[in-house]
Amino acid sequence: MSQELQELQQASSAIFNEEGTIPLSFGNDSEAIAAAKIGTALSDHSGWGLLKLSDRDRAKFLHNQTTNNINSLQPGQGSHTVFVNSTGRTIDLVTAYVTEDAILVLVSPNRRQQLLDWMDRYIFPMDSLNLEDISGQYAIFSLMGNQSDTLLKKLGLEAIIAQPEASHQLLKLEQTEVRIAVGNSLALPGYTFFVPLDKSAQVWSILTTAGAIPLGHNPWEKLRIQQGRPFPNKELTEDYNPLEAGLWQAISFNKGCYIGQETIARLNTYKGVKQRLWGVELNTSVEPQTPVYIEDKKVGILTSCTPTEAGAFGLAYVRTKAGGEGSEVKVGETTGKLVAVPYLTHEYPQAKN
């Protein structure tokens, strides 16, 4: 984070983490959450990682490393994809953006070094590939809310509106060239901005002056859970595969071999997904890792939980045969109900290749 951006956010009542790198709250959590749903909110995701793959074998390499069909992407296109280990267990959900001469990969903040090390293991001497961590060169802003298009039109950025998910363009925002991608970190309308670090304060100011409400990490985490967006060390761990995690939209079953492909293909072919991620409406908050019960039988585990006005909301892995949407559950000393969440899919989109 640039010092200028930090000072600008502090002037807007930002409260930072101990390292001073992540704005946890702007003292407006309820307003910001409402804006993310029915207005426009702006979250600083500069703590996330941005990796760059370049040279001749960049697409083939990432294609062989992750679950989606990277080889099919053209410059200006992108896709969500999942890094998995050799047994098909999740490492991270990422988004790949293909440019004319590189692939930019947006990764979770707590997976940057792990993925760098992971990919480095699979680069062979004959590969024409450069792998760089360019996280420190850019600020990453997530714009979200059903008024995001209106804000972009106001700023003269209409060219990216109504393009497919993960499409991206280099556009001029006043005098600054920024890369804007369709979609954000949640299942909400919006965009992701990749901004040169030395221009980050200027762009943040332009977006907030245009009407975007600053949203800190704490309310974003609340939204993440309510949206069902799985996250590393919580829902995305080596205990689960991406089919169980509801990331079917980030998987191609026809792309050929990749690390972990055999396991994932077998699970799909033989309908072997034994558990799946659900939202859980709860009466009160419960600590993550608390077992989930249906009729006194342990059927899963809670992975995340956040308080809400109606009680609490969590995410939990539950055995497929134990129950589905609407099932009554007991978690710790409280009760709740399994519900679908917007971010997750649990069946193969027929149109995907």
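The values are calculated or read from the model by the stated rules, or taken from the named source; none is laboratory data. Being a predicted model, the structure only gives us computed values, none of them experimental. No Cβ is skipped: glycine too gets one built from the backbone with ideal geometry, and neighbour counts run over all protein chains shown. Note: accessible area is taken over every heavy atom of the protein model, side chains too, but ligands, DNA and RNA are not part of it. Shrake-Rupley method; radii C 1.70, N 1.55, O 1.52, S 1.80 Å.
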Q. Consider residue 330 against the criteria (1) open to solvent by 80 Å² or more (accessible area, probe 1.4 Å); (2) in contact with a strand residue (DSSP E or B) (Cβ under 7 Å, 6 or more places away or on another chain); (3) within 30 Å of residue 79 (Cα to Cα): it satisfies all of them except one. Which criterion is unmet?
A. (3)
Q: Give the number of residues within the stretch 8-29 that are more than 15 Å from residue 209 (Cα to Cα) and either open to solvent by less than 70 Å² (accessible area, probe 1.4 Å) or touching a residue at least 12 places away in the same chain (Cβ under 8 Å) (or both).
A: 15
Q) Which one of these is surrounded by 17 or more Cβ atoms within 10 Å (Cβ to Cβ), over 30 Å from residue 238 (Cα atoms), over 21 Å from the mean Cα position of the chain (by Cα) and modelled with pLDDT of 95 or more: 203, 178? A) 203
Q. Would you pick out the residues in the stretch 244-253 that are open to solvent by less than 30 Å² (accessible area, probe 1.4 Å) and over 30 Å from residue 333 (Cα atoms)?
A. 247, 248, 250, 251, 252
Q) Filtering the stretch 334-353 down to residues that are open to solvent by 30 Å² or more (accessible area, probe 1.4 Å) and modelled with pLDDT of 95 or more, which residue is farthest from residue 268 (Cα to Cα)? A) 335
Q: Only residues that are in a loop (DSSP other than H, G, I, E, B), open to solvent by less than 60 Å² (accessible area, probe 1.4 Å) and in contact (Cβ under 8 Å) with a residue 12 or more places away in the chain: list them for the stretch 254-275, please.
A: 255, 258, 259, 260, 273
Q.
Can you confirm whether residue 166 is closer than 21 Å to residue 79 by Cβ, in a loop (DSSP other than H, G, I, E, B) and either open to solvent by 10 Å² or more (accessible area, probe 1.4 Å) or touching a helix residue (DSSP H, G or I) at 6+ places or on another chain (Cβ under 7 Å) (or both)?
A. no
Q: Among the residues of the stretch 276-303, write down those that are crowded, with 20+ Cβ neighbours inside 10 Å and outside any loop (DSSP other than H, G, I, E, B).
A: 276, 277, 278, 279, 280, 282, 292, 299, 300, 302, 303
Q) Tell me, which strands (runs of 3 or more DSSP E) wholly within the stretch 60-139 include 2 or more residues that are closer than 28 Å to residue 220 by Cβ, under 17 Å from the mean Cα position of the chain (by Cα) and of a type in the set (A, V, I, L, M, F, W, C)? A) 78-84, 90-98, 102-107
Q) For the subset of the stretch 30-50 comprising residues that are of a type outside the set (A, V, I, L, M, F, W, C), farther than 13 Å from residue 214 by Cα and crowded, with 18+ Cβ neighbours inside 10 Å, which member is modelled with the highest pLDDT? A) 49
Q | Looking only at the stretch 61-86, and only at residues there that are within 16 Å of residue 123 (Cα to Cα) and touching a helix residue (DSSP H, G or I) at 6+ places or on another chain (Cβ under 7 Å), the one that is surrounded by the fewest Cβ atoms within 10 Å (Cβ to Cβ) | A | 65
Q: Quick one: count up the residues across the stretch 16-39 that are aliphatic (A, V, I, L, M) and closer than 23 Å to residue 135 by Cβ.
A: 2
Q.
What pairs come out if I take residues in the stretch 80-97 that are more than 16 Å from residue 69 (Cβ to Cβ) and without any contact (Cβ under 8 Å) to a residue 12 or more places away in the chain and pair them with residues that are part of a strand (DSSP E or B) and open to solvent by 10 Å² or more (accessible area, probe 1.4 Å) whose C-beta lies under 9 Å away, six or more apart or interchain?
A. none
Q: With respect to residue 156, determine if the residue is within 21 Å of residue 185 (Cα to Cα) and not in a strand (DSSP E or B).
A: no
(Q) Name the single residue that is least open to solvent (accessible area, probe 1.4 Å) among those in the stretch 124-145 being hydrophobic (A, V, I, L, M, F, W, C) and modelled with pLDDT under 95. (A) 124
